[in-house]
1. Between Ala162 and Arg145, what length in nm is gained on full extension when 0.36 nm per residue of separation is reduced by their alpha carbon distance?
2. Using 0.36 nm per residue, how much length does the chain from Glu119 to Val268 gain when fully extended, once their Cα-Cα distance is taken away?
3. Taking the Cα of Gln137, stepping 7 Å toward and past its beta carbon, and measuring to each backbone N in region 68-98: which are under 19 Å?
4. Enumerate by residue number the GluC sites (Glu not before Pro) in region 212-253 meeting two conditions: DSSP loop (anything except H, G, I, E, B), and at most 15 other Cβ atoms within 10 Å of the site's Cβ.
5. Cut-off 10 angstrom, C-alpha nodes, Gaussian network model of the chain. Which of Ile185, Ile36, Ile45 fluctuates the most?
6. Efficiency by 1/(1 + (r/R0)^6): what FRET value for Thr230 and Asp80, r their Cβ-Cβ distance, R0 = 22 Å, to the nearest 0.05?
7. Nothing charged except the Cβ atoms of Lys and Arg (+1) and of Asp and Glu (-1): what's the magnitude of the dipole of the chain about its Cα centre? Round to the nearest 20 debye.
8. I want to make sure I understand the PRE zone here: with the label point 7 angstrom from the Cα of Ser218 toward its beta carbon, which residues in region 115-151 have backbone N atoms less than 14 Å away?
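Any read-out appearing in this document is the output of simple, stated calculations on the displayed coordinates, not a laboratory observation. Remember, predicted model here, so these are calculated numbers, not experimental data. Here the Cβ positions follow ideal geometry from the backbone for every residue, glycine too, while neighbour counts run over all protein chains shown.
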Amino acid sequence: MNLAAHTGYTDTPSTNRAEARVALVTGGANGIGAAISARLAAEGISVAVADIDLGTAARLAREIEGRGGKAVAVQMDVADPGSITRAFDSVERTYDRCDILVSNAGIAGVASFVDCSLEVWERVQKINVTGPMLCGQHAARLMVRRGWGRIVNIGSVSGVRAGFGRTAYGTSKAALIGLTRQMAIELADAGITANCVAPGPIDTPLTRAHHSAETRESYRRTVPMRRYGTPAEVAAITAFLCSEQASYVTGQVMAADGGFLAAGILEV
Ligand code: NAD
């Protein structure tokens, strides 16, 4: 039996090292985005760390380069279509390609349903939904040229389950799941996959700023693993979805949530 022909098994697993891939990570300078930038770079991928905070993005890019990886910092405000265009133009000028897009930049905007202002609602949709849509269009145009691409949108368990105070945020992340499926079916023919990673509570600057003591206690009771996840744990599943190995996975929502979405009652 020809093992390789029947199983795809080879002594040297094909990884992203096989080709000089280029990735753009939005909100790539801090928190989950920084872990994703570092993880993709560690796999031999050239990473454009795209962030509104250029200083921190530049520091991270230097740190990645210091460890032998390849990274550049790119200024990008995902709330500004012109800024998105300029960032992709710069990636195209530098690399002439973009194989991987991780749309990670996102904001929270916590407010109860009746108190959620139009201003907060619109800003959250602009950054969490419109930004990934426009970034996806720019990236897909570059990916189509080479017939290969990976798009990963960083959603949230709040896009699957309602949570108190998550009117703007949860609705935006639910829309991001819809957008991911739309991208997946329209880009499948071009060799491009689109998937959504839905983190549960992760210890980052965002949750340190927005999670109250009550929210932390609530997650301690409702997450079966009884802890917050780490940015590295989200980066690991994201890297898989960006890899050659995930070639038949598209339109999916993958939770990295310590079992939160699987859970019902946890005490008897
Ligand atoms: P964070 O606030 O710690 O980092 C966000 C990064 O995005 C920062 O580098 C920031 O400068 C950048 N950013 C913010 N607005 C931007 C804009 N307009 N344009 C470009 N960059 C911008 O956030 P995080 O906790 O690492 O979250 C990252 C993503 O993961 C978000 O989409 C968030 O909704 C999602 N998420 C986080 C958690 C969590 O518990 N931390 C859970 C579920 C989903």
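1. Stretched fully, the Ala162-Arg145 segment lengthens by 2.2 nm.
2. That works out to 49.3 nm of additional length.
3. Backbone N within reach: 76-92, 98.
4. none
5. Judging by the Gaussian network model, the answer is Ile185.
6. 0.10
7. So the magnitude is around 200 debye.
8. Hits in region 115-151 for Ser218 at 14 Å: none.
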